[in-house]
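Notes follow the structure.
The values are calculated or read from the model by the stated rules, or taken from the named source; none is laboratory data. Note that this is a predicted model, so its numbers are computed, not measured. Virtual Cβ from ideal backbone geometry, glycine too; neighbours counted across all protein chains shown. Just so you know, the surface numbers come from the protein's heavy atoms only, side chains and all, with ligands and any DNA or RNA stripped out. Shrake-Rupley method; radii C 1.70, N 1.55, O 1.52, S 1.80 Å.
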2 protein chains.
Amino acid sequence: MDINKLGEDGFISFLQSRFNAHLPKNVLAGIGDDCAVIKQSETRAELITSDLLIENEHFTIGQISPEELGHKALSINLSDIAGMGGTPKIALISLGIPKTTDTDWLKRFFSGVQKPAKKYQVHLLGGDLSKSEIIVINVTIIGKAHPKNIRYRNGAIPGDIICTTGPLGNAGAGLKILQEEISLSEKIRFPLIKSQIQPDPHLKIGNSLAKHPEVHAMMDLSDGLAADLSRLITASKVGAIIHVENLPLSLELQEAAKICRWDPHELAISSGEDYCLLLTIERDAFSALQKQCPFPLFAIGEIIKDPKSLTYLDHGKEISPPKGFDHFLNEDMR
Amino acid sequence: MDINKLGEDGFISFLQSRFNAHLPKNVLAGIGDDCAVIKQSETRAELITSDLLIENEHFTIGQISPEELGHKALSINLSDIAGMGGTPKIALISLGIPKTTDTDWLKRFFSGVQKPAKKYQVHLLGGDLSKSEIIVINVTIIGKAHPKNIRYRNGAIPGDIICTTGPLGNAGAGLKILQEEISLSEKIRFPLIKSQIQPDPHLKIGNSLAKHPEVHAMMDLSDGLAADLSRLITASKVGAIIHVENLPLSLELQEAAKICRWDPHELAISSGEDYCLLLTIERDAFSALQKQCPFPLFAIGEIIKDPKSLTYLDHGKEISPPKGFDHFLNEDMR
């Protein structure tokens, strides 16, 4: 069977069955969550995540500057640490580049890496430089957290309110604008493209949310709501209902969608790379937590008992489920 | 300036100057050694390493089976842990593969990963799967060691004996046999190709050596003696003399070299991927340590004061220095 029939999630399941069977007791999470988690003491756990960015798959030279690429490569990996409530500490970057790459390109790439590294006090401690036909970037981040203040994607409970910490679809709209070279007023264009090119990981938000016991499950939104929520409910063995009319849409996305005749809800559900957080909160605690938090919490649906059932309602009327991004299954998404 | 003029080492120096300046006190090694090292307590340090393997640069489909590729990908990263005396604990593998990849290929690849993982009790806890035009593999390993039992490449002292823990040039000869499709008797061919395709990291040897205070500097031999020794003496601010007649050559390499008219010493000095260890030992302690060790220690030269001076003597007569492998500087080596 080709991998494009099995898909990314199918393959992760295969790896889980092969490698998660006999893990040591101090491994709190292995393959399948945003980060692997190792308990080091009663008060300290280590979070580890590693992700590839590949030219022509995750980015296109000409659509992103070297600084922006370096910035994004680090930021989207920091987002995995944010998704579990951790604090990033260390980064390693492996880079494959064509032999004709100008050293100025490399210096600009690492200047871009340095910005979020400084902002979030992450130290670049190593990596690898190799020749490659296409640009390949792998970032590994090690972070820490109190074992009690880590949230996994398998913690959702029926009745929980499903929330996001930011608007959805902006990064996907930004990508469409870049790829289709759509001209829009700078006021609309700029924030959407910025969402695509310079995501800011929700580290402080994740850190703060994970301290509340009422937050049951959490992960970052990298592959789009449809794909990521599907992973969350599968891991938690629950189902979900999404109220499409409650999806948080930025004014810029709404404006762009009007002009370009896009369905903004489809973008909010199916497009990836928003890098805000997806979480579930105990129903009775939601309002108080929302008032208390100094950042937005958008309620978009609720967790139900029925395992793997994922329903989208538009003002109460069921709509057909859009697909999320899978690197192998959904060729058309990027 | 193109990266092929600056070279890998030149670029690592640039990164060191940019990122190693303000490291926290608990960082015992940042960019530039086999692993980054973080001290966690008086008795425990963490070692972290991350390396890329890229199709057509590090391996060629058709010359290596999926199992062998998985085996090699993990092993060569374990070798970085061996080079500092550590014990590996955790692995993360990021994989970029063409969308037409058969899942059977992936299963075989991970079967290959599992062999050294089981042998050295390393747990695969995560990673990433992505689409790519060419196969791209990034392995991150996290290991541990007592802070006192870690050896760095900057510890060499004038007078030290330079040693290796295995024969040199076998993997390079194996690569030549594969690339040039040379037919040789199986007795000669098999061990040389095995060295190239299935390296076994010197983890127990590195672990054992690093417990001896007389071992001053250590690293793994991945890019060939010339390149790696040059890195060791640069880091240690010393020089070295190599006695070419003392380079350990396997009988198979000597036989193959005779038949194919290769210079076996050139292979031993310039070709990479032997994945044994390169170390320096206090002169007075060398003989006793060599007798005591249950594995071979080959003395190949000595450390001298003169910084960066690297001299190759053949029975006392200076020979011109061969080049080591640099991914960008020496196009012809692989």
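Just the ratio, please: alpha-carbon radius of gyration of region B:1-151 over 2.2 N^0.38 Å, N its number of residues.
Working it through for region B:1-151, the quotient is 1.14.
Looking at chain A, what % of its DSSP beta bridges pair antiparallel, to the nearest 5?
75 percent
For region A:122-137, which residues drop by 30 square angstrom or more in accessible area between the chain on its own and all protein chains together (1.4 Å probe)?
Residues passing the criterion (a loss of at least 30 Å², heavy atoms only) are A:H123, A:L124, A:L125, A:D128, A:L129, A:S130, A:K131, A:E133, A:I134, A:V136.
Can you give the average number of partner chain beta-carbon atoms within 10 Å of each beta-carbon in peptide B:91-99, as a whole number?
Numbers: counts 3, 9, 4, 10, 2, 10, 4, 3, 8.
The per-residue average across the peptide is 6.
Starting from the exponent 0.38 and prefactor 2.2 Å, build the expected Rg for region B:64-159 from its residue count and divide its actual Cα Rg by it. Each step should come with its number before you reach the end.
Working: Rg = 15.7 Å, N = 96, 2.2 N^0.38 = 12.5 Å.
Rounded to two decimals, the normalised Rg is 1.26.
Order these peptides, A:173-184, A:306-317, by their mean beta-carbon neighbour count within 10 angstrom, highest first. Don't skip to the answer; put the middle values down first.
Working: A:173-184: 17.1, A:306-317: 12.8.
Going from most to least packed, we get A:173-184, A:306-317.
For A:G224, what residues show an amide H to amide H distance below 5 Å, using hydrogens built from the backbone and excluding near sequence neighbours?
Residues meeting the criterion, in which the H sits 1.01 Å from N, are A:E273, A:D274.
Of A:K176/B:K131; A:K25/B:K107; B:K258/B:K291; B:K72/B:K308; B:K194/B:K308; A:K72/A:K107, which ones are farther than 24 Å apart at the Cα?
Beyond 24 Å between Cα atoms: A:K25/B:K107; B:K258/B:K291; B:K72/B:K308; B:K194/B:K308.
Determine, for each peptide in A:269-279, A:68-78, A:31-41, A:98-108, the mean count of other beta carbons within 10 angstrom over its residues, then list the peptides with the highest first.
Going by the mean number of other Cβ atoms within 10 Å, highest first, we get A:269-279, A:68-78, A:31-41, A:98-108.
In whole Å, what are the extents of the protein assembly as shown along the principal axes defined by its C-alpha atoms, from largest to smallest?
That works out to 87, 48, 43 Å along the principal axes.
Mean residue ellipticity at 222 nm from the helices of the protein assembly as shown, using -39,500 (n - 2.57) per DSSP H segment of n ≥ 4 over the full residue count, to the nearest 500 deg cm²/dmol?
So the calculated ellipticity at 222 nm is -10500 deg cm²/dmol.
How big a patch of accessible area, both sides summed and in Å² to the nearest 100, lies buried between A and B at a 1.4 Å probe?
Buried: approximately 5900 Å² between B and A.
Quick one: putting +1 on the C-beta of Lys and Arg, -1 on the C-beta of Asp and Glu, what dipole do you get for region A:236-284 around its Cα centre, in Debye to the nearest 20?
Computed about the Cα centre, the dipole is about 140 debye.
How big is Rg to Rh over region A:198-307, alpha-carbon atoms, Rh as the Kirkwood inverse-mean-distance radius?
0.96
Over 32 Å between Cα atoms: which of A:K118/B:K99; A:K144/B:K119; A:K99/B:K187 fall into that group?
A:K118/B:K99; A:K99/B:K187
What percentage of the solvent-accessible surface of chain A, computed with a 1.4 Å probe over protein heavy atoms, is contributed by carbon and sulfur atoms?
Whole-percent figure for carbon plus sulfur exposure: 49.
Nearest 5 is fine: what % of DSSP beta bridges in the protein assembly as shown come out antiparallel, could you say? Spell out each step's value before the answer.
Values: 94 of 124 bridges.
DSSP beta bridges in the protein assembly as shown are roughly 75 percent antiparallel.
Kindly provide log₁₀ I(q)/I(0) values, in the same order as q = 0.22 Å⁻¹, from the Debye equation applied to equal alpha-carbon scatterers of region A:139-246.
-1.25
How much accessible area per residue does the protein assembly as shown have, in Å², with a 1.4 Å probe?
Accessible area per residue: 40 Å².
Select from region A:7-32 all residues whose loss of accessible area on going from the chain by itself to the full protein assembly reaches 40 Å² or more (probe 1.4 Å).
SASA drop of 40 Å² or more in region A:7-32: A:F11, A:F14, A:R18, A:F19, A:I31.
Averaged over B:104-114, how many beta carbons belonging to a partner chain fall within 10 Å of each residue's beta carbon?
2
So what's chain B giving for Cα Rg divided by 2.2 N^0.38 Å, two decimals?
Normalised Cα radius of gyration, chain B: 0.97.
Under a point spin-label approximation (7 Å from Cα along Cα-to-Cβ), what is the B:I319-A:S17 distance to one decimal in nm?
With each label point 7 Å from Cα toward Cβ, the separation is 5.5 nm.
Can you tell me which aspartates and glutamates have their Cα less than 12 Å from the Cα of B:K317? Leave out same-chain residues fewer than eight positions away.
Those aspartates and glutamates meeting the cut-off are B:E245.
Can you give the average number of partner chain beta-carbon atoms within 10 Å of each beta-carbon in peptide B:56-69, as a whole number?
Mean shielding count: 1.
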